[in-house]
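Written below as structure tokens is the structure these notes are about.
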Amino acid sequence: MGNKMTKKIQNELHDSKEFLNALNWEDKEKYANFLAQTYYFVRHSTRLLCAAMAHFKDDRDTLFNRFKAHLQEEDAHEKIALSDLKKLGYSIDDFEESAFTRAFYETQYYRIQESKGISLLGYILYLEAIASFSQDVGERLYECYGKSKSQFVKIHVEEDPEHVEKAFASIDSLPESERNLVYRNFFDTSSLYKAVLNDVFFHGGLEFSMIA
Ligand SMILES: [Fe+2]
């Protein structure tokens, strides 16, 4: 991690990693619901990037280009989650999109409007950082289900960790008011993502289990 990353951010990422590692990834139905909720919010990633980019004028070319590159990286990632889900033997219709998942990504559309695109950096940064910290979860999934059913986690674990450092560096160069918006969104994203996972692993489940 970059030198300028504050202790608070390091602590938040550390806590998130511990939280992820403590989840029962070996429960197939929970893992399938994780993939379903992932599909439901990841399908908005490219749209969120476009919505944010539309606000960046030519004085924001660096950020515009960074988001454009990210847009290509994210292209069709939701389909990988969906494909893992199908290989596990489930259909997306087996799992409803949760209120937490909706709260997770819908917030971003509003904040993009309010912050003229900049706040999305906090959302991206959190998700990228968490992905690069998920090697232990990846190993458990490969062991339990095989790599062919763990492609979504696998491609994100293997992404270049320098990405995260670059993202932190681009935040440090922002004016303070914008930096604060980005960091607030970073911490809120962490809380909301944990709420999504908490619901998946401790409450949610198959559609039919609710009426059984
Ligand atoms: Fe992705």
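Considering each residue of the stretch 94-102 in turn, at least one proves to be farther than 30 Å from SER173 by Cα, more than 14 Å from the ligand (Cβ to nearest atom) and small (Gly, Ala, Ser). Within the stretch 31-87, being under 24 Å from LYS166 (Cα atoms), within 15 Å of the ligand (Cβ to nearest atom) and of a type in the set (Ser, Thr, Tyr) holds for SER45, THR46. Of all residue pairs spaced 6 or more apart or on separate chains, those with beta-carbon atoms under 6 Å, a first member in the stretch 152-165 that is at pLDDT 80 or above and a second member that is of a type in the set (Val, Ile, Thr) and within 11 Å of the ligand (Cβ to nearest atom) are PHE152/ILE80. Scanning the stretch 104-115 for residues that are away from the ligand (no atom under 16 Å from the Cβ) and either in contact with a Leu (Cβ under 6 Å, 6 or more places away or on another chain) or closer than 18 Å to VAL164 by Cβ (or both) yields ILE112, SER115. When we screen ILE9, ILE118, ILE112 for residues that are closer than 30 Å to LEU174 by Cα and touching an Asp or Glu at 6+ places or on another chain (Cβ under 6 Å), the only hit is ILE118.
Only one entry in GLU12, GLU18, GLU29 is more than 17 Å from the chain's Cα centre (by Cα), acidic (Asp, Glu) and surrounded by fewer than 21 Cβ atoms within 10 Å (Cβ to Cβ), namely GLU29. Can you tell me which residue is farthest from the ligand (Cβ to nearest atom) among those in the stretch 154-169 that are surrounded by 15 or more Cβ atoms within 10 Å (Cβ to Cβ) and among the β-branched types (Val, Ile, Thr)? Result: VAL164. Specify the residue that is farthest from VAL42 (Cα to Cα); the eligible residues are those in the stretch 116-153 that are away from the ligand (no atom under 16 Å from the Cβ) and small (Gly, Ala, Ser). By that ranking, first place goes to GLY146.
Those helices (runs of 4 or more DSSP H) of the stretch 65-158 in which 3 or more residues are among the hydroxyl-bearing types (Ser, Thr, Tyr) and under 22 Å from GLU178 (Cβ atoms) occupy 99-115.
The values are calculated or read from the model by the stated rules, or taken from the named source; none is laboratory data. This is a predicted model, so every value here is computed, not measured. Glycine gets a Cβ as well: all are built from the backbone with ideal geometry, and neighbour counts include every protein chain shown.
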